[in-house]
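Enquirer: This is the structure I have questions about; it appears just below.
The values are calculated or read from the model by the stated rules, or taken from the named source; none is laboratory data. All values derive from a computational prediction rather than experimental measurement. As a convention, Cβ positions derive from the backbone with ideal geometry for all residues, glycine included, and neighbour counts pool all protein chains shown. When the accessible area is computed, the model is the full protein with side chains, heavy atoms only, and any ligands, DNA or RNA have been set aside. Shrake-Rupley method; radii C 1.70, N 1.55, O 1.52, S 1.80 Å.
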Amino acid sequence: MPWFLRAIAYVFAALLSLIVLGALAVGAVYLYLEPQLPDTETLRDIRLQQPLRVYSADGELMAEFGEYRREPVSYDDVPEQFRQAFIAAEDERFYEHPGVDHLGMMRAVLHLLQHREIGPGGSTITMQVARNFFLTREQTYLRKINEILLALRIERELSKPEILELYLNKIYLGQRAYGIGAAARIYYGTTVDDLTLAQMAMIAGLPKAPSFANPVSRPERALQRRAYVLRRMLETGVISQEEFAEASTAPITASLRREERPGLNAPFVAEMARAYAVERFGESAYVDGYRVYTTVDSQLQREADRALRENLLAYDRRHGYRGPEATFDLDDHPDEAAWNRLLADYRRVAFLRPALVVDVDAAENRARVYLGRGDYGELDLDAVRWARPYINQSAVGERPSSIDQVLSVGDLVRVYPEQVADDAEAEEGAEQETVLRFSQVPDIDGSLISLSPASGAVVALAGGFDFGRSQFNRAVQAQRQPGSSFKPFIYSAALERGFTPASVVNDAPIVLEDSSLDRSWRPENYSRRFYGPTRVREALAQSRNLVSIRVLRDIGIPYTSEFLERFGFDASRMSPGLSLALGSAEVTPLQLTAAYAVFANGGYRVDPYLVSRIEDSDGGIVFQAVPGMACEDCAVVDPDPSEETASDAMADDKPMNQQFRPAERVLPASNAFLMTDMMKDVIRTGTGQRARELGRSDLAGKTGTTNDLRDAWFAGYNRHLVTTAWVGFDQARNMGRGETGGRAALPMWVDFMGVALRDIPEQSPLRPSGLVTARIDPQSGLVTSSDNPRAIFELFQEGAVPDRESRREGTGSGSGSGSRGGGSEPLF
């Protein structure tokens, strides 16, 4: 055989051997790796990761928790042109290859031979599905082989539409958007079927470089990528030349849409809902697409936050300006770039923006401030007029007469914009201008919580001035002494032990040995005056400390502690001494609000709740709250609103489409009514008169101020809402002279309730049976004749009407006299 034929034979044999060895190697690799591959059948039942979303009762998005923002769409809901955009850009032969494109693989092999590294090319849509669902993104030979084998298996077990649907819902498209549904919503604020061709091409160009070619952060690169996708669509015949020309010249319309941002900023509420969901579902709550619907009303929530913040700022202004947050030498920071770097270290607190004072004109009494990103503002003397120098919590300096007494160049201060009418007489709807207000971050804090007394549903909750500054939720976590706002529960217990609103108790000095205080105790009224014999009704309205102490001593601490459990208080946490009469036990604002709900709903104990229902990603209800409902003879109601039946008028306040159960009655209706009537006097004539500006006769409540002015409270209600406002320092200390519940907390309550009850007609509680009205003498508390010029009318429980003035036989402890029993003498 000629030598050249032998050479050809040797080459052929060598090639054949290589082919056989290669086939054997491939087969060996396949046999080794195939059993280790994941089961692709699970793709049929795959649950795409979706974030936990929290909503208000009226459907406003409050927050999203979790890394993934995804809105799954089905294959049939994706416009054909949109599907073809991805295919043209990512995998032109998608409908032809078996999961692996040999042409693409050849390009990848050539890149490997030329550059000695794994490079782009060869990755089909099916291979991307395999990688996204089962593999990591590391570039290794083993991962690539697994990817190929998985792609082949996926093609055998799933149809092309199923594969493409998985791909379109899983692919990362920037800005935390996973899948085309989320991308359409985030970038364009719409659904996939409403996108234009230019918008489709923009999204289809993102898989290769979701950050580098992002239309929001890199619009120039995004335009180049869009042009590539449109050109590929034209070349593959998906679009016409006219469509190509029109889409190519379309402007970029992508932006981070507000629809995807929380519509309602209520982070304290959202955090409570998040914790509840994680407690029920574990860490899967963050990825399984649960939707948590709260009981919070979006409008009332906004008003709660507004009322809290405005009143904390009002308190802060009363106590003077503490100076700038920082001071910089602008010679070392001479331009806007440097100023931007300085401001970057100071985040917005609530609506207070950081601002850098860059110029002060003392002659014109004007200062120029830099707000960042080239934005400037101006402050005049009126803006800083409130800023008297802080001396201590009860003293401030003189009001500034020039702006340079407050501001200096280089000061880091706080400002906020406010819209004001052009003149004080401007009609509603007139054009307003925005002015810049000077402020500071208050060092005091507070909370406001409001719930439905009929069901316990929390309708608004403000846990602090700013969640970013402190995540401590004061509405539910702050254990504080309620002060005089606790007295109604003492008097309610007294009514059950024979006292009446007309019972007379001596408001006089007293010295007590209180075991809870380990010393002699000489309690005083806030005014440090003594008023002598005082009716219980008046004592509550005027918050007379010595009367409530004597009442508690008479009815007994053990009985009272047990009685307080009716309102949801823990008897073991109650003070064992007479200081309990002045609210020395620690409670949270939520606990106090729920306790006041017993008075507001006529004597029923309702448990506060925040989460009304939780839905899974398919809209199925996986949790439904079943609250206790305050009603006399209601039965459990099913979710059909047409079948809601409850005789009590307050049942109208229950959430629609909501199951409920009858709440437990813990207080006689007559007791609850009398306490409400007495607390109306707190507003009519007592320490809560600021609430009279609401112009309503159906409001009741009680102020609370603790020892050394450490806490300020107002808890009040009508039949529709019960609301508690609290103000104090997180590390309890004196709030300053005059900062009582009526001054520091009540204005917040008034601001909130004024809006919350604006469209709700007045509706006082119905007078229950078992109550009678009698004419009494206001000094003795005894029944008197009609010719007594001082006579007033008073309410009593049947069997507790005092004797007439002419009868003065002793002092029993049953029904009888104004002095709790049978005589005109004070009880103590």
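Enquirer: When the residues of the stretch 212-230 are narrowed to those that are among the charged types (D, E, K, R) and either touching a Phe, Trp or Tyr at 6+ places or on another chain (Cβ under 8 Å) or more than 12 Å from Gly174 (Cβ to Cβ) (or both), which ends up most open to solvent (accessible area, probe 1.4 Å)? Even if it seems obvious, please write down each step before you answer.
Expert: Looking only at the stretch 212-230, we keep the residues that are among the charged types (D, E, K, R), and these are 218, 220-221, 225-226.
Right, trim to either touching a Phe, Trp or Tyr at 6+ places or on another chain (Cβ under 8 Å) or more than 12 Å from Gly174 (Cβ to Cβ) (or both) and you get 218, 220-221, 226.
Working: Arg218: 101, Glu220: 123, Arg221: 106, Arg226: 9 Å².
Residue satisfying both the conditions and the ranking: Glu220.
Enquirer: State yes or no: is Glu67 within 30 Å of Val296 (Cα to Cα) and either at pLDDT 70 or above or among the hydrophobic types (A, V, I, L, M, F, W, C) (or both)?
Expert: On the way: within 30 Å of Val296 (Cα to Cα): yes; either at pLDDT 70 or above or among the hydrophobic types (A, V, I, L, M, F, W, C) (or both): yes.
For Glu67, the condition - within 30 Å of Val296 (Cα to Cα) and either at pLDDT 70 or above or among the hydrophobic types (A, V, I, L, M, F, W, C) (or both) - is met.
Enquirer: Got a number for residues in the stretch 341-356 being without any contact (Cβ under 8 Å) to a residue 60 or more places away in the chain and farther than 20 Å from Glu378 by Cα?
Expert: 3
Enquirer: Next up: Can you spot a residue in the stretch 566-587 that is more than 32 Å from the chain's Cα centre (by Cα), at positive phi and among the small types (Gly, Ala, Ser)?
Expert: No, the conditions are met nowhere in the stretch 566-587.
Enquirer: Please list, ordered by residue number, the strands (runs of 3 or more DSSP E) wholly in the stretch 434-509 having 1 or more residues that are farther than 28 Å from Ala541 by Cβ.
Expert: Numbers: elements: 445-451, 458-462, 504-507.
Counting at least 1 such residues, we get 445-451, 458-462.
Enquirer: Of Arg317, Arg274, which residue is out of contact with any Ser or Thr (no Cβ under 7 Å at 6 or more places or on another chain), in contact (Cβ under 8 Å) with a residue 24 or more places away in the chain, open to solvent by 40 Å² or more (accessible area, probe 1.4 Å) and under 30 Å from Gln49 (Cα atoms)?
Expert: Working: Arg317 fails: under 30 Å from Gln49 (Cα atoms).
None of the other options fit; the residue is Arg274.
Enquirer: A further question follows. Given Ser764, Ser819, which one is modelled with pLDDT under 90, out of contact with any Phe, Trp or Tyr (no Cβ under 8 Å at 6 or more places or on another chain), under 30 Å from Ile449 (Cα atoms) and not in a strand (DSSP E or B)?
Expert: Ser764
Enquirer: State the number of residues belonging to the stretch 282-296 that are touching a residue at least 24 places away in the same chain (Cβ under 8 Å) and over 15 Å from Asp618 (Cα atoms). Working first, answer last.
Expert: In the first step, residues of the stretch 282-296 are kept if they are touching a residue at least 24 places away in the same chain (Cβ under 8 Å); the result is 285-296.
Now narrow it down to the ones that are over 15 Å from Asp618 (Cα atoms): 286, 294-296.
Result for the stretch 282-296: 4.
Enquirer: Which of the following residues is closer than 22 Å to Pro72 by Cβ, free of Cβ contacts under 8 Å to residues at least 60 places away in the same chain and surrounded by 20 or more Cβ atoms within 10 Å (Cβ to Cβ): Ile180, Ile163, Ile154, Ile186?
Expert: Working: Ile180 fails: free of Cβ contacts under 8 Å to residues at least 60 places away in the same chain; Ile154 fails: free of Cβ contacts under 8 Å to residues at least 60 places away in the same chain; Ile186 fails: free of Cβ contacts under 8 Å to residues at least 60 places away in the same chain.
On inspection, the qualifying residue turns out to be Ile163.
Enquirer: Quick one: in the stretch 680-702, which of the residues that are open to solvent by less than 10 Å² (accessible area, probe 1.4 Å) and either under 29 Å from the mean Cα position of the chain (by Cα) or charged (D, E, K, R) (or both) is nearest to Arg767 (Cα to Cα)?
Expert: For the stretch 680-702, the residue satisfying everything is Asp698.
Enquirer: In this structure, is Arg258 at pLDDT 95 or above and open to solvent by 60 Å² or more (accessible area, probe 1.4 Å)? Break it down into steps so the answer makes sense when it comes.
Expert: Values: at pLDDT 95 or above: no; open to solvent by 60 Å² or more (accessible area, probe 1.4 Å): yes.
The answer is no for Arg258.
Enquirer: Now a separate question. Any residue in the stretch 366-383 that is farther than 11 Å from Val415 by Cβ and among the aromatic types (Phe, Trp, Tyr) sitting within a Cβ distance under 9 Å of a residue that is in a helix (DSSP H, G or I) and open to solvent by less than 40 Å² (accessible area, probe 1.4 Å)? List the pairs, counting only those 6 or more apart or interchain.
Expert: Short answer, once both residue conditions are applied: none.
Enquirer: Then there's this: Where residues in the stretch 575-585 are of a type outside the set (S, T, N, Q) and over 16 Å from Ala494 (Cβ atoms), which of them is modelled with the highest pLDDT? Break it down into steps so the answer makes sense when it comes.
Expert: Here is the first cut: in the stretch 575-585, the residues of a type outside the set (S, T, N, Q) are 576-578, 580-583, 585.
Narrowing further to those that are over 16 Å from Ala494 (Cβ atoms): 576-577, 585.
Values: Pro576: 86, Gly577: 89, Ala585: 93.
The qualifying residue modelled with the highest pLDDT is Ala585.
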